[in-house]
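The values are calculated or read from the model by the stated rules, or taken from the named source; none is laboratory data. Note that this is a predicted model, so its numbers are computed, not measured. Cβ: placed from backbone, ideal geometry, glycine included. Neighbour counts: every protein chain shown. For accessibility, only protein heavy atoms count, side chains too; no ligands or nucleic acids. Shrake-Rupley method; radii C 1.70, N 1.55, O 1.52, S 1.80 Å.
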Amino acid sequence: MNEHVLIVDDEMSIVTLLKFNLEKAGFTTDVAYDGLEAIRKADKNTYDFIILDLMLPEMDGIEVCKHLRRNHIDTPVLMLTARDEEFDKVLGLEIGADDYLTKPFSPKEVIARIKAILRRTNVTVTSNVKNIKVGELTIFPERYEAEKNNQVLSFTRKEFELLHYLATHKDKVLSRDQLLSAVWDYDFVGDTRIVDVHVSHLREKIEPNTKKPIYIKTIRGLGYKMEDPT
């Protein structure tokens, strides 16, 4: 294991704890203590993973994550916060974070989350590289992109993994819990709104009319189903 992790937190004790345990687990690490430093390092260097605190000096973690995704830096991000509010959790994942962990946490849990996300990143899409056609939508797994009517559509990593999973299970009704388990690789303890947020984002990008979706249908009381438009 030689994955390079950027640790972004303004608390020296947390940085020291994470750095020690990650390096012990075989990762190499770099650190940043505020949002602007994190952006400078992420723009300049290539990382396999970023641990990003929500509350940072200069620029908070939400703005840092937005900057990364706007600049097509799709490095997986684990957000940390001292606040245990659903709004923060959904917001963090909504703007492109891959996971969310509330302080205090154990280093073992952080490492387990990192490994789970990296495993999903490396396996989910590359396990089936065949292009997928759904109606006017063509999905390109190797590019993390789709095309519709000759227009290229871009997605965050999680948006694409959700789209890919729905497309590879076309015409099947998938519950929110199934999607959480398959796309996020572990139990979000009932935070199914995360799925709803990502489905909403997908619809904004692929549906002609988000109020009357023809690709991703809501099956009331059950979940979602992707199908060819009729």
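Projecting the Cα positions of Ser154, Gly223, Val195 onto the charge dipole of the chain (unit charges on Cβ atoms of Lys, Arg, Asp and Glu, taken about the Cα centre) puts Gly223 furthest along the positive direction. Computed from label points 7 Å out along Cα-Cβ, the spacing between Lys24 and Arg193 is 3.6 nm. Placing dummy labels 7 Å off each Cα toward the beta-carbon, the span from Ser13 to Leu36 is 2.8 nm. For the chain, a crude dipole built from +1 on the beta carbon of Lys and Arg and -1 on the beta carbon of Asp and Glu, taken about the Cα centre, is about 920 debye to the nearest 20. Once the Cβ-Cβ distance of Ser175 and Lys103 is raised to the sixth power relative to R0 = 25 Å, the FRET efficiency obtained is 0.25. In terms of overall dimensions, the C-alpha atoms belonging to region 152-230 reach 34, 27, 22 Å along their principal axes, ordered largest to smallest. The lysines whose alpha-carbon is closer than 25 Å to the alpha-carbon of Lys212, local same-chain residues fewer than 8 away aside, are Lys133, Lys148, Lys158, Lys170, Lys172, Lys225. Solvent-accessible surface of the chain, taken per residue with a 1.4 Å probe and all protein chains present: 49 Å². Annotation: aspartates and glutamates with alpha-carbon distance below 13 angstrom to Lys24 (same-chain offsets under eight excluded): Glu3.
How much mean residue ellipticity at 222 nm does the chain get from its helices, if each DSSP H run of length 4 or more adds -39500 (n - 2.57) and you divide by all residues, to the nearest 500 deg cm²/dmol? Don't skip to the end; give the middle numbers.
Numbers: 8 runs with 94 residues, N = 230.
Value at 222 nm, helices only, nearest 500: -12500 deg cm²/dmol.
For the pair Asn2 and Glu142, label points projected 7 Å from Cα toward Cβ lie 2.5 nm apart. Projected over every direction and averaged, the convex hull enclosing the alpha-carbon atoms of region 38-118 yields 5.2 nm².
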